[in-house]
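Written out below as structure tokens is the structure these notes cover.
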Amino acid sequence: MRIAQRARRIEPFYVMELAKAAASMAADAAVGARPMIYLNIGEPDFTAPPLVAAAAERAIREGRSQYTPATGLPPLRRAISGWYASHFGLSIDPARIVVTAGASAALQLACLALIEAGDEVLMPDPSYPCNRQFVQAAEGRAVLVPSGAGQRFQLSAAQVEANWTPATRGVLLASPSNPTGTSIARDELERIARLVRERGGITLVDEIYLGLSYEEDYGHSALGLPDGLGDEVISINSFSKYFSMTGWRLGWLVLPPALVPAVERLAQNLFICPSTIAQHAALACFEPDSLAEYERRRAAFKARRDYFIPELNRLGLNVPVMPDGAFYAWADVSGLCARWGIPPTGERPDKGGSWALAFELMKRCQLATTPGRDFGTAEPGRYLRFSTANSMAQLQEAVARLEQAR
């Protein structure tokens, strides 16, 4: 059977390959062996709060499962708008909000609406792998620009200017970022958006971890940029992370008004609508009791960060930039690789470096992590991503195992 070239160009999602290996190793473990600790998947260990689950049950009982508008339930769009007002002081017209089947569908819709064959989109290296695959699926080309610790693993305006070519369509940023948990400083983001505007390009910002921000200097939506820049940003968000609804597959876009009709047409044809039950459930996310619970959970994620990152640094797994959001630790493991006799990656990302270390950690420590191979090509063997979306007890046990093994 002939496979389309676009499918051939899509790389594997290696974090899932490692997850399968960890699950297989755990299943094959002897009875009574230490259980595997999973710090590899970016999924909150919290699930939807009681009011959200109750709203889903109520919608099912009442038979509210018919198609909704492709742009989402109007009350949900208004509720999202209200959340921007109460949390960020932003006035976002609900008509600019399009509810989607997860942030993945949001990115797919945005890329299909804006990217032509051959268009290039600048992205930081490291960055979330699926984001560049959405660009490629739209027949564009993701251009990864090495972005090191000195700039918080984020693109700078100077890099955007230096790498802009006649083929460049715009930038795709993430703030806070997966895998680093770092955000772009507000003034730098403004400089990038101004530069992109001057060149007639587009600024897409993945803000799915925006609700899980911990520092006053960050946690600001790109939609609030001055001089109308925020009105031109395409913001991608999700109910998966802050709102703890990963498997419900619900997200949203905030779009410039002129772009809404094109995205609506695409959504009508590709998805018809997001899950109706998930949308009715999501309305309960904005109830006062639910929001209070989400803030308690945010505090718990921050406490985990504040414990785990210093412990990694103490053990020699240096995290060069303290994450200001999300639930990740992007650790330089080159020292541990050297101590364990693991060679650098070289030209083979599937040999040596953090890839080989990830398998060693599963064997020696029963600890599942994610190597840097997924997130870029600049230094894939140097970094390993830990997810702190697990209980404090599990993080403490992971630290104890690492200490024993080092």
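The values are calculated or read from the model by the stated rules, or taken from the named source; none is laboratory data. Since this is a predicted model, take the numbers as computed values, not measurements. A quick note on method: Cβ atoms are made from the backbone with ideal geometry, for glycine too, and the neighbour counts reach across all protein chains shown. Remember, those area values only see protein heavy atoms, side chains included, never the ligands or the DNA or RNA. Shrake-Rupley method; radii C 1.70, N 1.55, O 1.52, S 1.80 Å.
Taking (1) crowded, with 19+ Cβ neighbours inside 10 Å; (2) within 14 Å of ALA106 (Cα to Cα); (3) under 16 Å from the mean Cα position of the chain (by Cα) in turn, PHE243 satisfies each apart from (2).
Given the criteria within 19 Å of ARG385 (Cβ to Cβ) and assigned to a loop (DSSP other than H, G, I, E, B), does PRO166 qualify?
Here the answer is no, as PRO166 does not meet what is asked.
All of (1) within 24 Å of the chain's Cα centre (by Cα); (2) of a type outside the set (Ser, Thr, Tyr); (3) over 23 Å from PHE301 (Cα atoms); (4) open to solvent by less than 50 Å² (accessible area, probe 1.4 Å) hold for PHE359 with one exception: (4). Considering only residues of the range 304-348 that are in a loop (DSSP other than H, G, I, E, B) and touching a Phe, Trp or Tyr at 6+ places or on another chain (Cβ under 6 Å), which is farthest from SER213 (Cα to Cα)? Once the filter is applied, the top-ranked residue is PHE327.
Here's the yes/no breakdown for (1) closer than 19 Å to ASN131 by Cα; (2) in contact with a Leu (Cβ under 8 Å, 6 or more places away or on another chain); (3) outside any loop (DSSP other than H, G, I, E, B); (4) of a type in the set (D, E, K, R):
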| position | (1), (2), (3), (4) |
| --- | --- |
| ASP187 | no, no, yes, yes |
| ARG197 | no, yes, yes, yes |
| TYR218 | no, no, no, no |
| ASP227 | no, no, no, yes |
| GLY230 | no, yes, yes, no |
| LYS241 | yes, yes, no, yes |
| SER244 | no, no, no, no |
| TRP252 | yes, no, yes, no |
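Have a look at ILE184, ILE202, ILE208 and point out the one that is of a type in the set (Val, Ile, Thr) and more than 29 Å from SER387 (Cα to Cα). It is ILE202. A single member of ALA193, ALA262, ALA258, ALA267 is among the aliphatic types (A, V, I, L, M), open to solvent by less than 20 Å² (accessible area, probe 1.4 Å) and over 23 Å from GLU161 (Cβ atoms), and it is ALA267. From the list VAL321, VAL399, VAL333, the one residue that fits, being more than 20 Å from ILE41 (Cα to Cα), open to solvent by less than 40 Å² (accessible area, probe 1.4 Å) and touching a residue at least 40 places away in the same chain (Cβ under 8 Å), is VAL321. Here the range 362-379 is the region considered, the condition is being more than 15 Å from ALA329 (Cα to Cα) and in a loop (DSSP other than H, G, I, E, B), and the residue that is least open to solvent (accessible area, probe 1.4 Å) is GLY376.
Go through the range 270-281 and report how many residues are among the small types (Gly, Ala, Ser) and surrounded by fewer than 24 Cβ atoms within 10 Å (Cβ to Cβ). Can you show your working first?
Initial filter on the range 270-281 (among the small types (Gly, Ala, Ser)): 275, 278, 281.
Those left that are additionally surrounded by fewer than 24 Cβ atoms within 10 Å (Cβ to Cβ): 275, 278.
Residues that pass the stated criteria total 2.
Taking into account only those residues within the range 1-20 that are within 22 Å of the chain's Cα centre (by Cα) and part of a helix (DSSP H, G or I), which is farthest from PHE359 (Cα to Cα)? Spell out how you get there, then give the answer.
Start the filter on the range 1-20 by keeping residues that are within 22 Å of the chain's Cα centre (by Cα), which leaves 9-20.
Filter again for part of a helix (DSSP H, G or I), leaving 9, 14-20.
On the way: ARG9: 26, TYR14: 13, VAL15: 12, MET16: 14, GLU17: 11, LEU18: 8, ALA19: 11, LYS20: 12 Å.
The residue in question is ARG9.
Filtering the range 140-163 to residues that are open to solvent by 30 Å² or more (accessible area, probe 1.4 Å) and on the phi > 0 side of the Ramachandran plot leaves only ARG152.
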